[in-house]
Amino acid sequence: MLNIAVAGGGIGGLASALAVARAGHTAHVLERNTEFAELGAGIQLAPNAFRALRHLGVAEPVAARAVRVAALRLLDARSGALLTEMPLDDAYRHRFGEPYAVVQRGDLHSTLLTACQEHERVVLHPGTAVTGYRATPDAVRVVTADGRTVEADALVGADGIRSRVRAQMLGDGPPRVSGHTIHRTVVPMADVPDGLRWNSVNLWAGPGWHMVHYPIANGEKLNLAITRDDGARTAVSGVPTSRDEVLAGFPGLHPRARALLGLGREWRTWVLCDRPPAATWTEGRVCLTGDAAHAMLQYAAQGACMALEDAVVLGEVLEGTPEDDVAGRLALFAGLRRERAARVQEVSSWMGHALYHPRGAAAAERDAMLASLSPDDLLAAVDWLHGHALGGPAHQGAAQAVVLT
Ligand SMILES: Cc1cc2nc3c(=O)[nH]c(=O)nc-3n(C[C@H](O)[C@H](O)[C@H](O)COP(=O)(O)OP(=O)(O)OC[C@H]3O[C@@H](n4cnc5c(N)ncnc54)[C@H](O)[C@@H]3O)c2cc1C
């Protein structure tokens, strides 16, 4: 049995701790905040996330708090025309073996937190900021802001896009500023007119900007976000923004979408950041997961899904690890995950410029390309992403069988 320190108690850190504990080790989660918490906003979970949650033993409680949306829809933000739609019906569910659903971030995070709290081999350390580590061939000494040193057999850096663990391991500086500004809010569904209460994930694509909305919290709230490619050069995180400023930024938005935008009262703004794929995620007994390893733009709605997949694979490779093979197993983990995560990072950026933000001729090309795809073509395009087999040989066989039918 190993003692494994996990820096960060977000979705990725808690999932990693749970996976490690289920593999028979003790996980110590070091979280800088005094409370373990998440934003009130929503998050989309594709079948690959539910597959990971099932491995972690928490798929059912998450599904019970999630909204099963009926479709993913892409609309022209100016004309209101439906450009394409992927039904998330029984055929979709059968193909991928798990649902596509949307959930309030806090509901996902608190389910993972409860599972960690109930697991005898997870120890939570709130108010513990990691500042660095000292690794030897036999152990890792994790250094915290209050001057303590936590000794562990391994350190998992799940401390997000501005990871201290990554900074020490790779020294690759701050994340890349994307130049995209996003405004986010949550609206009570009671405020949304009947005709606009769509049970789907809706993306309105405009020239250089797009708006997304979907129901969360048992359909009691509407998650609303609007993003513009404005070339912003400085990272911004959660700054309060007036409703008038948000409304003024998107002339040409279709009246139905504008009606929704006008419902937002408390807006906050971020300038999005990501990172290019990294050549390595490990240094001896230290590894990176989640956003610390592969921060991506949110356009494929897969950052947290990838963090959940990472956790499952980490747990599996660490099962039965002898003391002297910790570094080898972490290298194996990174080897199993890096290529897939890099592909999702790249696809996420591509979706932003090629699907959500094109203008003029590029937008017309996009429309023609989408119109040429049959419903089956659309599903085939996401097989690699939503149908990804995860886990040991038994599970892999089952997942592949589902994908192939
Ligand atoms: C607008 C937007 C929409 C998104 N939508 C989706 C979606 O629909 N689907 C999806 O799958 N993903 C989505 N994502 C991505 C997703 O939110 C992230 O990929 C995911 O939350 C990453 O989880 P994480 O645990 O790796 O990092 P984080 O959530 O950043 O958690 C890191 C944790 O580490 C803690 N921490 C940081 N530094 C330290 C330190 N030095 N010491 C100790 N603790 C530390 C932090 O307090 C935090 O608790 C979206 C992202 C954005 C920005």
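Quick note: the coordinates plus some simple rules give every number you see, no bench work behind them. Keep in mind the model is a prediction, meaning the values are calculated, not measured. Cβ placement follows ideal geometry from the backbone for every residue including glycine, while neighbour counts extend to all protein chains displayed.
Points worth noting:
- Each DSSP beta bridge with both residues in the chain is either parallel or antiparallel, and the antiparallel ones are about 70%.
- The distance between label points at residue 361 and residue 268 comes to 4.2 nm (points 7 Å beyond Cα on the Cα→Cβ vector).
- Among 99, 255, 215: highest mean-square fluctuation, GNM of the chain, C-alpha pairs under 10 Å: 255
- Amide H within-cut-off set for residue 84, under 5 Å, with H built and near neighbours excluded: 74
- Taking all C-alpha pairs of the chain, those more than 27 Å from each other amount to 50 percent.
- Using a simple spin-label model with pseudo-atoms 7 Å out from Cα toward Cβ, residue 239 and residue 343 lie 3.8 nm apart.
- DSSP H segments from the chain that extend 24 Å or more along their own axis, Cα-based, with Kyte-Doolittle mean of -1.0 or above: 326-350
- Residue exposure proxy: 34, 227, 84, 185, ordered by other Cβ atoms within 10 angstrom of their Cβ from fewest to most, comes out as 34, 84, 185, 227.
- Between 165, 130, 246, the GNM of the chain built on Cα springs shorter than 10 angstrom shows 246 fluctuating the most.
- Across region 145-252, the convex hull enclosing all Cα atoms gives 199 Å³ per residue.
- In this rough spin-label picture, where each label sits 7 Å from Cα along the Cβ direction, the residue 1-residue 377 distance is 5.6 nm.
- In a DSSP loop and with at most 13 other Cβ atoms within 10 Å, the GluC sites (Glu not before Pro) in region 261-352 are 266.
- Total formal charge among the other residues, if their Cβ is under 12 angstrom from that of residue 219, Lys/Arg +1 and Asp/Glu -1: +3
- Those trypsin sites (Lys or Arg not before Pro) in region 248-295 that DSSP places in a loop and that have at most 15 other beta carbons within 10 Å: 265
- Shape of region 1-61, Cα gyration tensor, a/c cut at 1.5: oblate
- Mean-square fluctuations from a GNM of the chain, with a 10 angstrom spring cutoff on Cα atoms, peak among 42, 195, 13 at 195.
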